[in-house]
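Comments concern the structure below.
Values quoted throughout were computed directly from the atomic coordinates according to the rules given, and no laboratory measurement underlies them. Note that the coordinates shown come from a computational prediction; the quantities given were computed from them, not determined experimentally. No Cβ is skipped: glycine too gets one built from the backbone with ideal geometry, and neighbour counts run over all protein chains shown.
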Amino acid sequence: MAGEIRLPDIGDFKDVPIIEIHVKPGQSVAKEDVLMTLESDKATVEVPAPEAGIIGEIKVKVGDKVSQGALLATWASGGAANAPAPAGQPAAAPVTTPAAPAAAPRPAAEPTTRADFECDVLVLGAGPGGYSAAFRAADLGVSVVLVDRMPTLGGVCLNVGCIPSKALLHAAKVIDEAAEMSEHGLVFAPPKIELDALRNWKERVVKRLTTGLTGLARQRKVTVLTGEGAFTSPHTLAVRAPEGDRAVRFNCAIIAAGSEPAAPSFIPRDSRIWDSTAALELRSIPKRLLVLGGGVIGLEMATVYSALGSKITVIEMMDQLMPGADRDIVAPFAKRVEKRYEKVLLETKVTWVEALAGSVKVAWEGKAGSGEDVFDAMLVSVGRRPNGGAIGAEAAGVAVDGRGFIVVDRQMRTNVSHIFAIGDIVGQPMLAHKAAHEGRVAAEAASGHKSSFDAKAIPAVAYTDPEVAWVGVTETEAKAKGLAYGKAVFPWAASGRSLSLGRDEGLTKTLWDEASGRLIGCGIVGPNAGDLISEAALAIEMGCDAEDIGLTIHPHPTLSETFAMSAEAFAGTLIDLYMPKKKG
Ligand SMILES: Cc1cc2nc3c(=O)[nH]c(=O)nc-3n(C[C@H](O)[C@H](O)[C@H](O)COP(=O)(O)OP(=O)(O)OC[C@H]3O[C@@H](n4cnc5c(N)ncnc54)[C@H](O)[C@@H]3O)c2cc1C
């Protein structure tokens, strides 16, 4: 045995489950190649090879929980190029999201042929990051070329993400609210679902927005090219399209190539095994739908298909649904779906999937034991993979890590100073509003302004029923970091507006910095939580304390009052409930 590969220091993590092993005994690996992926409730962590070499024996299996120093694998005899780190003394830092980049590649030479298009700023990818960057740069007076392989602008968000999913979630809400009013004396007949009409409506919503973007690009004189873009040098990009290749020469570039759905390698390709894009196509309503992955995207699609009549099973590897959010904020949602769905299996891993003639057979192992069942369809929603590996970044000299992320500084600059990157491709959270904000920063920096990304907080929303939203520091993070914080929770059972909606399960939780008294985090669960969280985001940005919020007159009766009442609860001035101030 030539040496051991042990888990390096991965920060504040212990007993983290291994979710994927990427290498086999006998396989050659380069330094920094990803060996394994671990996933805690806080982050996905990739374990890189500390050296180049040949893998000997794998000492762990998927599902094992590991901590710093755990023996993961051995090097084959003579395999490691350099001596591996001694036990417990790892040579390389773990790769988190985004990972430290590999060494910058040597860029290709500049072509000597003339380009078809010349511009100040080239933007690759027309999602919310890319089109925001392109439009902002054009508004600042520079010439812009925007490239996307999709025939319509808007990227994942408008075409196959945020917008179509929210249209379908609206339909789900109408169905569920109509059904729930039967308990209160308003009885509707069960809905007749005309799938083609519903799908057409969703597509019209998308088309209206994507067409609007085309108009905005035209008004701003942004040149839009459709085709697959790949860098050919630090100042040129080739755009490949059926009608022929075109070359673009640019002074600066902004990479906004986004991400695509990820899937474990053992899952077969089959028309009944969907990713989020296939689920949004709304081709059929399966009688029984398995949702693999209890994150936001999977649970939003579960909300849609449940309202349309599917019986839902959710399998999630972690010990709670929506792992990034605080447990108490997720609890009202979890309680509702536990009653409504066939099964919610936590701390469970799908181990095997087989596409049969009329169904999909799935086996799992988990805390509650192992099992297998057949489903009419399965949605795989286990995360998204950045597209950094497929844009010819190396020809431009841009460093991309083993997972496809590009590392940037606060100005969104890559290791090549005139090339920027934004959105999903630069790391978590993979959210449209984060991409759009970064797009503005990159456009301004590329146009010579001193902009940088300095937002204090990025809100996150699950548009499920009830909605779950959070911004700033979560309580889990506050505890993990040892922050001195105070907390207040306002239960919506005391909100007149909530009760008048027939719902009382919501909560508004606020977290406050002990020293300054300022708001540092907020979590909201309940109808419209996604809209309500904006006020908390503004309060964090503005450095508000509980008095600022409590003394701001909120309209009555609204759900927005719950935010003010949570602040009053913290300040000890709440009248509507008797609630002594609590410390975290
Ligand atoms: C089902 C679903 C629901 C979602 N809901 C929400 C939500 O409610 N709120 C939210 O904030 N986020 C949501 N998201 C996430 C959101 O869509 C993404 O975070 C966002 O789209 C990222 O924007 P982006 O600009 O980084 O890239 P993307 O939107 O991924 O756009 C990247 C673009 O680059 C193009 N591209 C990539 N490579 C090339 C190439 N080589 N050549 C040419 N073009 C290329 C792609 O075609 C794509 O159009 C959702 C995602 C999904 C899948």
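Note on region 460-571: percent of Cα-Cα distances in each 10 Å bin, starting at 0 and stopping at the bin with the largest distance, equals 16, 51, 29, 4. The Kirkwood hydrodynamic radius of region 128-167, based on inverse pair distances between different Cα atoms, is 11.1 Å. Counting charges near GLY358 (Lys, Arg +1; Asp, Glu -1) among other residues having Cβ under 10 Å from its Cβ returns a value of 0. For region 273-382, the calculated P(r) over all alpha carbon pairs, in 10 Å bins from 0 to the bin holding the longest distance, is 15, 51, 30, 4, 0 percent. The lysines within cross-link reach of LYS339, meaning a Cα-to-Cα straight distance under 18 Å and a gap of 8 or more places when in the same chain, are LYS173, LYS287, LYS311. Find how many whole Å separate the alpha carbon centroid of region 424-503 from the alpha carbon centroid of region 266-282. Comparing the Cα centres of region 266-282 and region 424-503, I get a distance of 29 Å. Residues whose amide H comes within less than 5 Å of that of THR351, counting only those at least five positions distant or on another chain, are ALA363, TRP364, GLU365 (H built at 1.01 Å from N in the peptide plane). Its alpha carbons give region 374-447 an Rg and a Dmax of 14.9, 55 Å. Other residues whose C-beta falls under 13 angstrom from the C-beta of SER370 contribute a net charge of -2, scoring Lys and Arg +1 and Asp and Glu -1. Multiplying the residue separation of ALA493 and GLU180 by 0.36 nm and removing their Cα-Cα distance gives an extension gain of 110.9 nm.
Taking amide H as placed 1.01 Å from N in the peptide plane, the amide H of VAL344 sits under 5 Å from that of VAL314, each at least 5 places away or on another chain.
Among the lysines of region 342-476, pairs at least eight places apart or on separate chains and with Cα atoms under 27 Å apart come to 6. Computed from backbone phi with θ = phi - 60° and the Karplus coefficients 6.51, -1.76 and 1.60, the 3J(HN,Hα) list for region 231-237 is 5, 10, 6, x, 10, 9, 9 Hz; x is used for glycine and proline. Take every Cα pair under 8 Å in the chain that's 6+ residues apart, average their separations, divide by the length, and report that relative contact order as a whole percent. Reported relative contact order: 13 percent. What is the sum of charges, Lys and Arg at +1 and Asp and Glu at -1, for the other residues whose Cβ falls under 13 Å from the Cβ of ALA241? Local net charge: -2. Backbone geometry of region 500-516 corresponds, through the Karplus equation with coefficients 6.51, -1.76 and 1.60 at θ = phi - 60°, to 3J(HN,Hα) couplings of 6, 8, x, 10, 9, 8, x, 8, 10, 10, 10, 10, 10, 6, 4, 6, 8 Hz, x marking Gly and Pro. The Rg/Rh ratio of the chain, with Rg taken over Cα atoms and Rh as the Kirkwood radius over Cα pairs, comes to 0.97.
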